[in-house]
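Enquirer: Shown below is the structure under consideration.
Just so it is clear, none of the values below were taken in a lab; they were calculated from the coordinates. Quick caveat, the model's predicted, so the values are computed rather than measured. Cβ sites come from the backbone with ideal geometry, for glycine too, and all protein chains shown count toward neighbours.
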Amino acid sequence: MIRFDNVHKRYEDGTHAVRGIDFEVAEGTTTVLVGPSGCGKTTTMKLVNRLEEPSEGTVYYDGTDVHDLEATELRREVGYVIQDVGLFDHMTVGENVATVPDLKGWDAERIDARVDELLTLVDLPPEEFRDRNPTELSGGQQQRVGVARALAADPDVLLMDEPFGALDPITREELQDEFLAIQDDIDTTILFVTHSIDEALKMGDHIAVMNQGQVVQYDTPKALLDRP
Ligand code: ADP
Ligand code: ADP
């Protein structure tokens, strides 16, 4: 579904953030990029939805060089969830979920039904949460809204950059468990970034351990744990 082929990224100031990575994220699976701060995880993510362009090598989406895809088209199929979800405070929770371009042109009834379905999926009962203001929600609840919004477009791929990173440990574990349960329903290919090895082991079908711009280990959680 996503393939990195000898990908490098040098920023304009000379920082060589990604140094020749090769790996694949198979359709319907979750791959976790794990490694210390500054090792190139976020840069790697941004190369998928073309928020950054590789300096060398190729990123493939479904067999096509992402460079040959229209960025807006690509981002419609590739959802993005980050640590700071960035909800609009002047809109209700429901309106926030409905901001994705895909829902434009839908009639009000269909949008409402879709929003309710998504809020239910992320365990925010719509009758209780749809008309609330995001500022009244806890961090965990806001993050759930962010996930619902990312799923609104029914993306084939979801990029998740430390999605639960700002939450307290208990809420974080709750959202991890919930998200694992949701995953079975949504059939989405996921690239997940974290600096927590525990989170990587829990969330990933495959784990790519990054260090200084390179993937230094790539394996299943079980194989990583069994390693001497
Ligand atoms: P991580 O997500 O693992 O923390 P990043 O991909 O954010 O790592 O950053 C990798 C390296 O690239 C770091 O040294 C960071 O400072 C640098 N970097 C990230 N973005 C830019 C940028 N826009 N310009 C220059 N250097 C950058
Ligand atoms: P994280 O470590 O959570 O991945 P960062 O704090 O490294 O995020 O980066 C936050 C934002 O700042 C990103 O958009 C990244 O591209 C940018 N950035 C990071 N390092 C640099 C840098 N050295 N120069 C310019 N921009 C940077």
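Enquirer: How large are Rg and Dmax for segment 83-199 when calculated on the C-alpha trace, in angstrom?
Expert: 13.7, 44
Enquirer: Let me ask something else. Compute the relative contact order of segment 90-175 as a whole-number percentage, counting only Cα pairs closer than 8 Å that sit 6 or more residues apart in sequence.
Expert: 37 percent.
Enquirer: Shifting gears a bit: Defining a contact as two alpha carbons under 8 Å apart and six or more residues distant in sequence, what relative contact order in percent does the chain show?
Expert: Value for the chain: 30 percent.
Enquirer: Given the pairs Lys46/Lys202; Lys46/Lys104; Lys41/Lys222; Lys9/Lys222, which are separated by over 27 angstrom at their Cα positions?
Expert: Cα-Cα > 27 Å for Lys9/Lys222; rest within.
Enquirer: A further question on this structure: Counting only C-alpha contacts under 8 Å and six or more residues apart, can you give the relative contact order of segment 1-76 as a whole percent?
Expert: Relative contact order of segment 1-76: 37 percent.
Enquirer: Can you give the Rg to Rh ratio for the chain, taking only C-alpha atoms and Rh from Kirkwood?
Expert: Reported Rg/Rh, Kirkwood definition of Rh: 0.97.
Enquirer: log10 I(q)/I(0), Debye, Cα-only segment 123-174, no solvent, q = 0.14, 0.28 Å⁻¹?
Expert: The calculated log intensity ratios at q = 0.14, 0.28 Å⁻¹ are -0.40, -1.20.
Enquirer: What value, in deg cm²/dmol to 500, does the helix sum -39500 (n - 2.57) over DSSP H runs of n ≥ 4 give at 222 nm once divided by the residues of the chain?
Expert: Mean residue ellipticity, 222 nm, calculated: -10000 deg cm²/dmol.
Enquirer: At most 10 other Cβ atoms within 10 Å and a DSSP loop assignment: could you name the GluC sites (Glu not before Pro) in segment 34-134 that fit?
Expert: Counting only loop positions with at most 10 other Cβ atoms within 10 Å, the GluC sites (Glu not before Pro) in segment 34-134 are Glu70.
Enquirer: Say the dipole of the chain comes from +1 at the beta carbon of Lys and Arg and -1 at that of Asp and Glu; which of Ile186, Thr31, Gly14 then lies farthest toward its positive end?
Expert: Result: Gly14, furthest along the dipole toward the positive end.
Enquirer: Also, quick follow-up: Loop-only chymotrypsin sites (Phe, Trp or Tyr not before Pro) in segment 1-47, please: DSSP not H, G, I, E or B, and at most 12 other Cβ atoms within 10 Å.
Expert: Tyr11
Enquirer: What is the antiparallel percent of DSSP beta bridges lying wholly in segment 76-228, to the nearest 5?
Expert: Of the beta bridges lying entirely in segment 76-228, close to 35 percent run antiparallel.
Enquirer: Can you give the charge dipole size of segment 1-117 about its Cα centre, rounded to the nearest 20 debye, using +1 on the beta carbon of Lys and Arg and -1 on the beta carbon of Asp and Glu?
Expert: My answer is approximately 440 debye.
Enquirer: Could you give the spread of the C-alpha atoms of segment 157-228 along their three principal axes, from largest to smallest, in whole angstroms?
Expert: The principal-axis extents, from largest down, are 31, 27, 24 Å.
Enquirer: For the chain, which longest stretch is free of loop sites, where a loop site is one of the trypsin sites (Lys or Arg not before Pro) that DSSP puts outside H, G, I, E and B and that has at most 15 other Cβ atoms within 10 Å?
Expert: Within the chain, the longest run free of exposed trypsin sites (Lys or Arg not before Pro) spans 1-103.
Enquirer: To the nearest 20 Debye, how big is the dipole of segment 93-228 about its Cα centre, given +1 on the beta carbon of each Lys and Arg and -1 on that of each Asp and Glu?
Expert: 480 debye
Enquirer: Between Val216 and Leu180, what is the label-point separation in nm under the 7 Å Cα-to-beta-carbon projection?
Expert: 2.7 nm
Enquirer: What is the set of long-range amide H partners of Leu47 at a cut-off below 5 Å, with H atoms built 1.01 Å from backbone N?
Expert: Glu52
Enquirer: Right, something else. Compute the signed sum of charges (Lys and Arg +1, Asp and Glu -1) over the other residues within less than 13 Å, Cβ to Cβ, of Ala208.
Expert: That works out to -2.
Enquirer: Starting from 0.36 nm per residue, how many nanometres of slack lie between Leu201 and Glu95 once their C-alpha separation is accounted for?
Expert: 34.7 nm
Enquirer: On to the next question. Would any residue of segment 45-83 have its amide N under 18 Å from a label point 7 Å out along Cα→Cβ of Asp5? List them or say none.
Expert: Label zone hits: 47-50, 53-70.
Enquirer: For segment 1-112, compute Rh as the Kirkwood radius over C-alpha pairs and then the Stokes-Einstein diffusion coefficient at 4 °C and 1.567 mPa s; write the answer in µm²/s, rounded to an integer.
Expert: After rounding, the answer is 81 µm²/s.
Enquirer: How would segment 1-58 be classified by its alpha-carbon gyration tensor: rounded, prolate or oblate, with rounded meaning a/c under 1.5 and the a/b versus b/c comparison settling the rest?
Expert: It comes out prolate by the Cα gyration axes.
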